[in-house]
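Undergrad: Before anything else, here's the structure in question.
The values are calculated or read from the model by the stated rules, or taken from the named source; none is laboratory data. Since we're looking at a predicted model, the values are computed, not measured. We place every Cβ from the backbone using ideal geometry, glycine too, and count neighbours over all the protein chains shown.
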Amino acid sequence: MNKVVAGADEAVKDIPSGATLMLGGFGLCGIPENCITALVKSGINNLTCISNNAGVDDFGIGLMLQGRQVKKMIASYVGENAEFERQMLSGELEVELVPQGTLATRCMATGYGMPAVFLLAGIGTEVAEGKEVRNFNGKDYLLEHAFDSDFAIVKAWKGDTQGNLIFKGTARNFSPLMAMAGKITIAEVEHLVPIGELDPNAIHVPGIYVHRIFEGKNYEKRIEQRTVRKKIS
Amino acid sequence: MNKVVAGADEAVKDIPSGATLMLGGFGLCGIPENCITALVKSGINNLTCISNNAGVDDFGIGLMLQGRQVKKMIASYVGENAEFERQMLSGELEVELVPQGTLATRCMATGYGMPAVFLLAGIGTEVAEGKEVRNFNGKDYLLEHAFDSDFAIVKAWKGDTQGNLIFKGTARNFSPLMAMAGKITIAEVEHLVPIGELDPNAIHVPGIYVHRIFEGKNYEKRIEQRTVRKKIS
Amino acid sequence: MALNKEQIARRIAQELQDGFYVNLGIGIPTLVANYIPEGVDVVLQSENGLLGMGPFPFEGDEDADLINAGKQTITTIPGSAFFDSAMSFGMIRAGKVHLTVLGAMEVADNGDIANWKIPGKMVKGMGGAMDLVAAAKNIIVAMQHTNPKGESKLLPKCSLPLTGVGCVKKVVTDLGVFDITPDGFRCIEYAPGVTIDEIKAKTAGRLTIADDVKEMVV
Amino acid sequence: MALNKEQIARRIAQELQDGFYVNLGIGIPTLVANYIPEGVDVVLQSENGLLGMGPFPFEGDEDADLINAGKQTITTIPGSAFFDSAMSFGMIRAGKVHLTVLGAMEVADNGDIANWKIPGKMVKGMGGAMDLVAAAKNIIVAMQHTNPKGESKLLPKCSLPLTGVGCVKKVVTDLGVFDITPDGFRCIEYAPGVTIDEIKAKTAGRLTIADDVKEMVV
């Protein structure tokens, strides 16, 4: 069951304007760089993007914001993205801010076929406004719904031609959850290997969830906050 | 953070009669053999056991049924365990039969701090009796609650002294989910290794969920249905 | 002449399409794996936590940590992946499995299925069947047309406790192939040597015969 | 004299107990990792998917695939484990993390906290803070006692949009240590050189002084 496509342009070519996309990554860590470049090039717009952050001004989803391709962001953190904050405060960009764990769990719910779950985060805050509150064992929870996403786009460390994925370090973050949640899931990987090369016990996302896969090129893997210790010699 | 205990007897010694236990395994595959032996020896009773099956008559949880240690079984499958079926039909044993996916997801809900989830299985059947039904996007779902379990007892393939666990093959099944759901989680492992030996990317259950760990002995790993092909030479 | 189990499995195998992820239940459904058509690439899911199930192991190669949902020793094929039971049923519920084949004690002409319990007598438990029938996109039942007493298992209404409601799409028995339609069972194929009259006589539920009904090729 | 950030962090580190799993937020809380007491074995959780966070890497050893929740490059210690964000917040919600330390813009005397938004002006987003405060067993806030304008951040009621309700257990500021009680903030320690009068003057919320209030040891 070969799911390999030629590259990012082919992988995203049928994504239409107006689509809802999930994009993996936390900050700039583990973002699908190749696909984002292809999406920027494609010029599609009116997108709804579900992603923990929106990159920075000049990298990651920030590039799609610069190009006014995004109609709505569903995210947990604006962070240091000035253009994101500006578009949000000016009302140009529709923004749904979702607590990070709720965001992750709503992605998981989609991939696990659960329409809704009850979660703690946001009880008593503006996040709870308009949401159903229910008490279980003396604690209040919010009813939170699974996402409906047309495409999920993630970057993995290794993948095989059948779509099995393995992530590395904290670049895993939301990506496996989103990979499981896409109606169509596109995975770009740093290392594409033949089937049989990955340890079946160590796979994070089984290929059944992945529809297209390719080996990405020229990863920049930009670091947002380079923090180091001095070597004492 | 060393969680190593001497062995099965020590690991289970504070489990009281009347406790609710989750026990990993599917059929006889991946069951915590050492801990079950220790539980049988301990003579505690009035237990509620949550486990996909109850082993066979003379192995696994079947041994605890034989010894009348179990008051209630929560399981998806009786299978070929004649004593289980007999005790259930005679009313000696209280039994809650739960669809397998619902059982797994209710375990996961516990470990993920979700009090309840909506699931499809059992709609329109006797499993739905007395349960809340709710429609999402035109489909009916049952409200299913997380389990409340005092102890979770699982067997893993490898584990380190900090409680990180890795499972092998289909011996994984319910075990990671249950490991995450126990108020106290006991893991017996085939290979106990020093910290740092397991690949941090390949760990199925992080040690935060595990309270006691030891290397098991004399694994029989009995096969329920030995099915083979003939070699054509 | 009615089909044997192998032939039922072979007929069901014709339903497999290239690229399908398939879950095969215990019994006749397991045999379907032996008849996957040439050139059709399917991946078998075992709900106890495996994608990429292979054939039974050679003698001496059995691994206690490698079984299918029927607890039989199996093997894996290259590209396989293991996962826990929550993910396994998660992918089933999320509609990622294209086809589920399972056995049944009874099927009703509206697609209801019963296969897990005979009250007061036999209780095997539902295992994963309720999850599978509630969630799978496409469910084919493989079973004998009648029970050992000769009574029809294709009924107007199930008499046994249900496993799922209105979920079966197709039934393949030793006598023929039946789609579930708003008008009940529709016979689209009959087994070689089996007459329509025999099918009518042995089907208790509502039954229509397709205009283009034909002999099964197995 | 009021404490500096390092001293606040050092004081909070005294709350760590052997065997704790701890989540440290961005800012002062991150510094707590530098002052873990001798003989106290704690494991640091980073909610972007890591247990067993180590110190910052040596120059040249930075790995873009290895960051903390503040997006800083970090290292791991032996015994670490990576996982996805759903499991990360799952273990937080399930109460497996013993202590969470985070910063705040405002804390109310009933334990409410606000730290994610200044309407119309600054919206960083709540990130994982709402999940952490809603679920963690024990939450300590590390912050300056007053804002840059000199206004108290320990209030009778938060003026900013809330992050969580009634969840903070303890506040450590540059002026002292405060438990949240039914009677509001209770000062249990004051920073060296800081007077109770200064604390009273700079605390807008209800405040009591513990009978055994003492000078902080940092």
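Undergrad: Do you know which residues across region B:189-208 are hydrophobic (A, V, I, L, M, F, W, C) and either modelled with pLDDT under 95 or buried (at least 21 other Cβ atoms within 10 Å of the Cβ) (or both)?
TA: Result: B:Val189, B:Leu198, B:Ile203, B:Val205, B:Ile208.
Undergrad: Among the numbered criteria (1) in a loop (DSSP other than H, G, I, E, B); (2) at pLDDT 95 or above, which single criterion is violated by C:Glu6?
TA: (1)
Undergrad: Against the conditions (1) out of contact with any strand residue (DSSP E or B) (no Cβ under 8 Å at 6 or more places or on another chain); (2) modelled with pLDDT of 95 or more, where does B:Val98 fall short? Just the number, please.
TA: So B:Val98 meets the others, but not (1).
Undergrad: Conditions first: (1) crowded, with 24+ Cβ neighbours inside 10 Å; (2) closer than 19 Å to B:Ile50 by Cα. B:Gly159 passes all but one, so which condition is the exception?
TA: Among (1) crowded, with 24+ Cβ neighbours inside 10 Å; (2) closer than 19 Å to B:Ile50 by Cα, B:Gly159 violates only (2).
Undergrad: A further question on this structure: Got a number for residues in region C:176-211 being without any contact (Cβ under 8 Å) to a residue 24 or more places away in the chain and out of contact with any Lys or Arg (no Cβ under 8 Å at 6 or more places or on another chain)?
TA: 8
Undergrad: Return yes or no: is A:Ile50 hydrophobic (A, V, I, L, M, F, W, C), over 26 Å from D:Met130 (Cβ atoms) and buried (at least 17 other Cβ atoms within 10 Å of the Cβ)?
TA: So A:Ile50 does not fit the description; no.
Undergrad: Could you please give the count of residues in region A:167-211 that are more than 18 Å from C:Arg93 (Cβ to Cβ) and among the aromatic types (Phe, Trp, Tyr)?
TA: Qualifying residue count, region A:167-211: 2.
Undergrad: Among the numbered criteria (1) on the phi > 0 side of the Ramachandran plot; (2) within 9 Å of another protein chain (Cβ to nearest Cβ), which single criterion is violated by D:Gly111?
TA: In the conditions (1) on the phi > 0 side of the Ramachandran plot; (2) within 9 Å of another protein chain (Cβ to nearest Cβ), D:Gly111 misses (2) alone.
Undergrad: Quick check on region A:162-187: of everything there that is within 16 Å of D:Asp84 (Cβ to Cβ) and surrounded by fewer than 24 Cβ atoms within 10 Å (Cβ to Cβ), which residue is farthest from the other protein chains (Cβ to nearest Cβ)?
TA: In this case the residue turns out to be A:Ile166.
Undergrad: Kindly indicate which of A:Leu177, A:Leu192, A:Leu198, A:Leu165 is of a type outside the set (D, E, K, R) and within 14 Å of the chain's Cα centre (by Cα).
TA: A:Leu177
Undergrad: Across region C:54-107, which residue is nearest to the other protein chains (Cβ to nearest Cβ) among those that are under 26 Å from C:Gln144 (Cβ atoms) and polar (S, T, N, Q)?
TA: Once the filter is applied, the top-ranked residue is C:Gln72.
Undergrad: Taking only region A:87-138 into account, find how many residues are in contact with an Asp or Glu (Cβ under 9 Å, 6 or more places away or on another chain) and charged (D, E, K, R).
TA: Of the residues in that region, 3 qualify.
Undergrad: Moving on. Within region D:37-53, work out how many residues are modelled with pLDDT of 95 or more and either in contact with a Ser or Thr (Cβ under 9 Å, 6 or more places away or on another chain) or more than 13 Å from chain B (Cβ to nearest Cβ) (or both).
TA: 10
Per-residue answers, yes or no, for (1) in a loop (DSSP other than H, G, I, E, B); (2) of a type in the set (A, V, I, L, M, F, W, C); (3) at pLDDT 95 or above:
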{"site": "D:Gln144", "(1), (2), (3)": "yes, no, yes"}
{"site": "D:Val168", "(1), (2), (3)": "yes, yes, yes"}
{"site": "D:Pro192", "(1), (2), (3)": "yes, no, yes"}
{"site": "D:Ile199", "(1), (2), (3)": "no, yes, yes"}
{"site": "D:Ala204", "(1), (2), (3)": "yes, yes, yes"}
{"site": "D:Val218", "(1), (2), (3)": "yes, yes, no"}
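Undergrad: Report, ordered by the first and then the second residue, all pairs with beta carbons closer than 6 Å, sequence separation of six or more or different chains, a first member in region A:207-231 that is closer than 21 Å to A:Gly60 by Cβ and within 7 Å of another protein chain (Cβ to nearest Cβ), and a second member that is in a loop (DSSP other than H, G, I, E, B) and among the aromatic types (Phe, Trp, Tyr).
TA: A:Thr227/D:Phe56
Undergrad: Can you tell me which residue within region A:107-134, out of those that are more than 9 Å from every other protein chain (Cβ to nearest Cβ) and not β-branched (Val, Ile, Thr), is farthest from A:Asn53 (Cα to Cα)?
TA: By that ranking, first place goes to A:Glu132.
Undergrad: Regarding B:Ala82, is this residue of a type in the set (A, V, I, L, M, F, W, C), closer than 27 Å to B:Thr161 by Cβ and without any contact (Cβ under 8 Å) to a residue 40 or more places away in the chain?
TA: no
Undergrad: Could you identify the single residue in B:Ile50, B:Ile44, B:Ile61 that is more than 17 Å from B:Met178 (Cα to Cα) and modelled with pLDDT of 95 or more?
TA: The conditions single out B:Ile44.
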